[in-house]
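Undergrad: Supplied in structure tokens, the structure appears directly below.
What follows draws every value from the coordinates through simple rules; no lab data is involved. These figures come from a predicted structure and were not determined experimentally. Positions of Cβ are generated from backbone atoms using ideal geometry, with glycine treated the same way; all protein chains shown enter the neighbour counts.
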């Protein structure tokens with residue numbers, strides 16, 4: 001089973017917000033997930049991003065693969081750099 005870290009769309013029409021979830025790669029975008037590790041809201045004045053870093057790093061160590069968008073968000077938080085340094 002390949003595990004991915006990706007965005008799950010929530011909210012109403014034209015007012016989305018996203019949860020960052022760990023899920024099986026074969027499940028649909030808004031389908032079943034293993035664990036919720038954060039949220040991202042780009043609507044409004046300033047985009048908000050909140051991630052549980054301990055859970056995210058734990059899943060990365062277990063082999064979860066982030067999508068391109070999530071990888072970019074992790075980079076904005078400095079989480080991706082922490083992950084790269086911990087691998088060395």
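Undergrad: Here are some residues: 33, 17. Which one is part of a loop (DSSP other than H, G, I, E, B), in contact (Cβ under 8 Å) with a residue 24 or more places away in the chain and over 11 Å from the mean Cα position of the chain (by Cα)?
TA: Step by step, each of 33, 17 is checked, and only 33 is part of a loop (DSSP other than H, G, I, E, B), in contact (Cβ under 8 Å) with a residue 24 or more places away in the chain and over 11 Å from the mean Cα position of the chain (by Cα).
Undergrad: On to the next question. Has region 69-78 got at least one residue that is in a strand (DSSP E or B) and under 12 Å from the mean Cα position of the chain (by Cα)?
TA: no
Undergrad: Let me ask something else about it. So residue 40 ticks every box in (1) within 15 Å of residue 8 (Cα to Cα); (2) without any contact (Cβ under 8 Å) to a residue 24 or more places away in the chain but one. Which box is left unticked?
TA: Looking at each condition in turn, residue 40 falls short on (2).
Undergrad: For region 49-68: of the residues being in a helix (DSSP H, G or I) and in contact (Cβ under 8 Å) with a residue 40 or more places away in the chain, which is surrounded by the most Cβ atoms within 10 Å (Cβ to Cβ)?
TA: Among them, the one singled out is 56.
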